[in-house]
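A short write-up of the structure that comes next.
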Amino acid sequence: MTIESSRVETPFGTFHSESGGQGQPVLLIHGGTASAREWRPVLPGLSQHARCVAIDRLGCGESDRSSRGYDRQTLTDSLFACADGLGFERFAVVGQSFGGFWALSMAFARPERLAGIVLVNSAGGPLTDEDVQAMEARRVERQHVEADPEAAIERTMNQIFADPGRVPATFRDDLRWQTAHAAPGQFEAAADEFVNLGRAPYDQLHVPTLVVWGEADSMIPAERGRRLANAIPGARYAGLPGVGHTCQVEAPAEFVAAVAPFLDELAARKG
């Protein structure tokens, strides 16, 4: 499978993308302040089922930094502008972690544009008071700057994977590169919107939805994933036992096996 690297011009800035496949258009949105690199383990497999385009969000990787800021409205609009630049009229979105937050924001903003969503260990979803407190604790933790950069890399590896030994050693280089290329302040710009999205009317979200969860996630517990799936009418839940937060990197074969049938279903509905 040939993976192509290209750039997508939009009024919000230029996006870097990596893509492959044909058919049903699918936009893949990475988590955190990472990049499209975190979809590389699964992009060839998913691209056998759909036209998959993994992007660097604005302010991340090789994409431009946002001259308009990183608030929820701006970035949601920028993602639709990216889809427009790709020629996607109606498309699916796969979002992991913070990318799931943006997938949900897109679904509430313009559900008629989305053929389906896949939410992977997703931020967003209905929140309890305990969830809000945990998010605040993580926000404070992110403000702590690790004096030793290599110690920070190892801490991240242990946070996002249940078993870092399953992940290629080269992924640490990706973490270093992504950290160096990320614009600061992105989480803080959307901070209040985490709670707002947690109070959104999920029972009114009528977009075909698959929730995929690495069930050994120490950052966002699997209970949050099940609650999210239960809140969206018709949504399905696929758990990956023993796998952590960034499951598409830690268990790519299991991830593709969970997501590919859903993409096939979306393509069949379109047909």
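The values are calculated or read from the model by the stated rules, or taken from the named source; none is laboratory data. The structure presented is a predicted model; accordingly, all values stated were derived computationally and were not measured. Positions of Cβ are backbone-derived with ideal geometry, glycine not excepted, and every protein chain shown enters the neighbour counts.
Looking at residue 212, is it surrounded by fewer than 18 Cβ atoms within 10 Å (Cβ to Cβ), touching a residue at least 40 places away in the same chain (Cβ under 8 Å), of a type in the set (A, V, I, L, M, F, W, C) and not in a loop (DSSP other than H, G, I, E, B)?
For residue 212, the condition - surrounded by fewer than 18 Cβ atoms within 10 Å (Cβ to Cβ), touching a residue at least 40 places away in the same chain (Cβ under 8 Å), of a type in the set (A, V, I, L, M, F, W, C) and not in a loop (DSSP other than H, G, I, E, B) - is not met.
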- Task: Out of 61, 85, 116, 45, report the one residue that is in contact with a strand residue (DSSP E or B) (Cβ under 9 Å, 6 or more places away or on another chain), within 19 Å of residue 211 (Cα to Cα), in contact (Cβ under 8 Å) with a residue 12 or more places away in the chain and not aromatic (Phe, Trp, Tyr).
- Result: 116
- Message: Looking at segment 15-24, can you tell me whether even one residue there is part of a loop (DSSP other than H, G, I, E, B), modelled with pLDDT of 95 or more and out of contact with any Leu (no Cβ under 8 Å at 6 or more places or on another chain)?
- Response: yes
- Would you please list the contacts, defined by Cβ atoms under 7 Å and residues six or more apart or on different chains, that run from a residue in segment 221-239 that is touching a residue at least 12 places away in the same chain (Cβ under 8 Å) and small (Gly, Ala, Ser) to a residue that is part of a helix (DSSP H, G or I) and buried (at least 16 other Cβ atoms within 10 Å of the Cβ)? 231/202; 235/229; 238/258; 239/222
- Is there a residue being farther than 23 Å from residue 139 by Cα and among the charged types (D, E, K, R) anywhere in segment 215-232? yes
- Any residue in segment 254-271 that's in a helix (DSSP H, G or I): show its pairings with residues that are among the β-branched types (Val, Ile, Thr) and surrounded by 14 or more Cβ atoms within 10 Å (Cβ to Cβ) at Cβ separation under 6 Å, as long as the two are six or more apart or on different chains. 255/42; 256/42; 258/212; 259/118
- Message: Quick check on segment 224-234. Is at least one of its residues buried (at least 23 other Cβ atoms within 10 Å of the Cβ), within 18 Å of residue 29 (Cα to Cα) and not polar (S, T, N, Q)?
- Response: yes
- Could you please let me know if residue 4 is surrounded by 18 or more Cβ atoms within 10 Å (Cβ to Cβ), of a type in the set (D, E, K, R) and more than 26 Å from residue 135 (Cα to Cα)? no
- Of the listed residues (151, 183), the one being more than 16 Å from residue 249 (Cα to Cα) and assigned to a loop (DSSP other than H, G, I, E, B) is 183
- Only one of 169, 238 that is aliphatic (A, V, I, L, M) and either part of a helix (DSSP H, G or I) or surrounded by 13 or more Cβ atoms within 10 Å (Cβ to Cβ) (or both): 238
